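Beneath this line is the structure, given in structure tokens, with notes to follow.
Just so it is clear, none of the values below were taken in a lab; they were calculated from the coordinates. Source: prediction; values computed, not measured. Cβ: placed from backbone, ideal geometry, glycine included. Neighbour counts: every protein chain shown.
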Amino acid sequence: LLSDRGRAALSRLIGHDATYQSQVHVYGNWPERGTEDEGKMSLAEQIADLDESYPGGLPAYLTKAKRLLLESSLGSNPFEDYEAYVPDGESLSYYDTSIDDGDYDAGRMTFAMAEEIGLRGIGNTAFVLVAGGLGERLGYSGIKLGLETNLLTNKCYLEVYCKYILAMQRMARERLRADGGSDEAIMAVKIPLAIMTSDDTDPLTRKLLRDNDNFGFEDGQITIVKQDKVAALINVDASLSMKDRWKIETKPHGHGDVHHLLYKSGLIEKWSRENDDDDDDDDGGKEGHKVNHVIFLQDTNALVINSILPTLGVSIAKGFHMNSICIPRLAGEAAGAIARLEHKTDPEKSLVINVEYNQLDPLLSSQGDRKGDVPDPKTGYSPFPGNANNIVIEMDAYAKTLGGEDQGVVVEFVNPKYKDDRARTEFKKPTRLECMMQDIPKLFQKEMGSEARIGFTMFDRWFTFSPAKNSLAAGVEDVKKGGKAPGTMSSAESDKYIQNQRKLKYAGVDIHITTEDELVSVAGIPVTPGPRVILCPGFAITQREIMDKIDEGNRISKRSSLVLEGEGLRVKNLDLDGALVIRTGHDCDVTVDGLVVRNKGYEIVEVGEGEDVPEEVAIRGYTMKKHEVMEIIINEPGKYHIGPDGEIKRV
Ligand code: UGB
């Protein structure tokens, strides 16, 4: 009845269970042949799938799970042998102009220096986007990458990330051209993007890419790797949870899958091979794209793209094998903390690593002043840097580490919720093994010992971190309790506008930066009343670029909305009171000088109580009414001038 693979996997499960007898409900008492045969076949196939997708097979998974569940049930503390300290790291501020120039050897780096060093290295990177999460917390059933980051451009997260990477590719090529690089070398710069999906997100992610012609990426430049779910478990004996008689319940394994998947898919080998100058068989003698650093991004934090270049710059300057982007952490916030874990007896085991938010309080409550995860009264923030979970990893060390015996399978953990917290035997709902991508330092340490250089780079929150993770209702609850980071779609959008207000102000624009007490409540979440500004990645990314393209004499009123897109666009003496969108294509050299805009502009309209709106509107709680806008769109290559009335003149 069963296929060969199904039969083999089932036998392995039965063999593994001979001593434990924890899975008899799965394979025992099957009805006679002829009854429910379909179900038996499909169960055996599912067991074979679970077996194949986990390194070491289903028995290895169950063995690990039993050990971890037993340890959890006994209440053992994974950090028992460690004490957590605040680690040293680099801290960069957008506003820091204390050193004009010079090099890193001076001992300290400014933001601008780090960005410049990053720019030199960005052409030799690969990007990885972890996007297997379903977004249950966000209360959204589609894929998070498809959500509109803001209602001025309506661009979704995936488009923002893709356009950012392509802008980086363009800048790397231009730099190479300016340095006299050959055409072949320039065209070889093709930054690859790998996206990790899961069964929950895979079809819609592929569709989003298909419907948008891969957002401008060439064929083969994007690779999708799909993570598999793992078996859910109902008790400390790791008995498999059955959805029905013939189906094992499965659950996500966590973002930690990404390392093993990159290894298994052959991407790591490909990226390392293309680093090898002597190897020309793959490209018929042509140079391939060189990858010196791999950059990991999460799905819904549009702010973070600003921090990538300076973080890469820090990685290059300090020779970090791994560098996490961090922000000042609010105590109790659902963001991990980067800590230096000192082993009590064996210094070789000490390491800098993320301690996840649910583990931080118990760990801190067991050491020092035993106050737990509380703010430092001096700063109001947790003394530990908050992990934005965007990571820059050095390629050689990464390839070496993934080539080790663990093949990038990071240390797993269990987090069961017990019915009775004292007895700790029965779960409230099935659990599973989980893993996190930021746990890779343990593998670095295993493969490289004390050679492994793990660091972090800290930025202001406004500059780096405002993910959309929580439902509107959860965000509203958080705000009522005094929370400062509700993490909703609306707070993420508002923070993007504020980030751009700040960037424009720094560039000399007469623009108001919304202060905390000026935020207005929309659907229960404090957001900026304006001005709303989007600077597309295709306009400018670096501080220097923004300073170059935003010239003197610009003024933007509080109620205004502004979108700027186009690498050859320069703006001066703009007087904006209303809505303005300027989009210019490649090879368009456009100077806006003295443009005066007066129109009704845009307005946020709150969703009424009980109003029937689509899910993506409901999670935000408002729509954007576009009353009136001046739109200037130029696609034909050439040199243009735009004067006070908005008329486009070729020059
Ligand atoms: N993800 C996957 O690709 N697969 C999975 O199985 C699960 C998730 P969450 P989380 O930024 O504030 C992380 O759920 O795990 C993707 C850090 O661990 O959004 O609660 C998913 O699609 C934490 O240290 O976050 O917490 C998304 O892109 C902290 O920094 C990403 O993984 C926190 O993020 C993260 O998944 C944060």
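Could you run the Karplus curve 6.51 cos²θ - 1.76 cosθ + 1.60 with θ = phi - 60° over the range 225-237 and give me ³J(HN,Hα) per residue in whole Hz, x for Gly and Pro?
Here the 3J(HN,Hα) series is 10, 10, 8, 9, 7, 10, 5, 8, 10, 9, 8, 5, 7 Hz.
Under a 5 Å amide H to amide H cut-off, with H placed in plane at 1.01 Å, what residues pair with Ile632 once short-range neighbours are removed?
Val581, Ile582, Arg583
How much length, in nm to one decimal, is gained on full extension between Glu45 and Tyr506, taken as 0.36 nm per residue of separation minus their Cα-Cα distance?
On the way: separation 461, 0.36 × 461 = 165.96 nm, distance 5.97 nm.
Working it through step by step, the gained length comes to 160.0 nm.
Report, in deg cm²/dmol and to the nearest 500, the calculated mean residue ellipticity at 222 nm for the chain, where each DSSP H run with n ≥ 4 adds -39500 (n - 2.57) and the sum is divided by the residue count. Don't skip to the end; give the middle numbers.
On the way: 19 runs with 196 residues, N = 651.
Result for the chain: -9000 deg cm²/dmol, rounded to the nearest 500.
Treat each spin label as a single point 7 Å out from the Cα along the C-beta direction, and report the Leu134 to Asp587 distance in nm.
About 4.8 nm separates the two model spin labels.
Tell me the angle of helix 37-53 to the major Cα principal axis of the chain, expressed in degrees between 0 and 90 and rounded to the nearest ten.
60
What order, most packed first, do the peptides 489-498, 410-419, 508-517 have when packing is the mean number of other Cβ atoms within 10 Å of each residue? Please report the intermediate quantities before stating the final value.
Numbers: 489-498: 25.0, 410-419: 16.9, 508-517: 14.5.
Highest-to-lowest ranking by the protection proxy: 489-498, 410-419, 508-517.
For the range 297-413, give the magnitude of the charge dipole about the Cα centre (Cβ charges: +1 Lys/Arg, -1 Asp/Glu; no others), in debye to the nearest 20. Write down the numbers at each step before the final one.
Working: 9 positive and 15 negative charges, 87 e Å.
Magnitude of the dipole: close to 420 debye.
Students often check this: by mean Cβ neighbours within 10 Å, which of 161-169, 180-188, 447-455 ranks highest, and how do the rest follow? Numbers along the way, then the final one.
On the way: 161-169: 22.6, 180-188: 13.6, 447-455: 15.9.
Descending packing order for the listed peptides: 161-169, 447-455, 180-188.
Mind checking which aspartates and glutamates have their C-alpha under 12 Å from Lys400, skipping anything on the same chain fewer than 8 residues away?
Partners within reach: Glu269, Glu447.
May I ask you to evaluate 6.51 cos²θ - 1.76 cosθ + 1.60, the Karplus curve with θ = phi - 60°, for each residue of the range 631-642 and list the ³J(HN,Hα) values in order in whole Hz, giving x for glycine and proline?
10, 10, 10, 10, 10, 6, x, x, 10, 9, 10, 10
Local charge sum around Ser11 (other residues, Cβ-Cβ under 12 Å, Lys/Arg +1, Asp/Glu -1)?
On the way: positive: Arg5, Arg7, Arg12; negative: Asp4, Asp17, Asp51.
Every neighbour counted, the sum reads 0.
Among Lys66/Lys270; Lys496/Lys626; Lys229/Lys480; Lys144/Lys549; Lys247/Lys417; Lys371/Lys446, which pairs are too far apart, with a Cα-Cα distance over 29 Å? Let's see the in-between values first.
Numbers: Lys66/Lys270 36 Å; Lys496/Lys626 19 Å; Lys229/Lys480 36 Å; Lys144/Lys549 32 Å; Lys247/Lys417 23 Å; Lys371/Lys446 32 Å.
Distance filter (> 29 Å) returns Lys66/Lys270; Lys229/Lys480; Lys144/Lys549; Lys371/Lys446.
In the range 521-585, what percentage of the DSSP-assigned beta bridges are antiparallel, given to the nearest 5? Walk me through the numbers before you get to the answer.
Details: 2 of 14 bridges.
Counting only bridges with both partners in the range 521-585, antiparallel ones make up about 15 percent.
Using the Karplus curve 6.51 cos²θ - 1.76 cosθ + 1.60 with θ = phi - 60°, work out ³J(HN,Hα) for each residue of the range 342-355 in order, rounded to whole Hz, and write x for Gly and Pro.
Coupling constants for the range 342-355: 8, 6, 5, 10, 10, x, 4, 8, 6, 7, 9, 7, 6, 10 Hz.
Skipping prolines and chain starts, which residues have an amide H placed within reach, meaning under 5 Å, of the one on Ile224, given they are 5 or more residues away or on another chain?
Amide H to amide H, under 5 Å and 5 or more residues apart or across chains, Ile224 pairs with Ile195.
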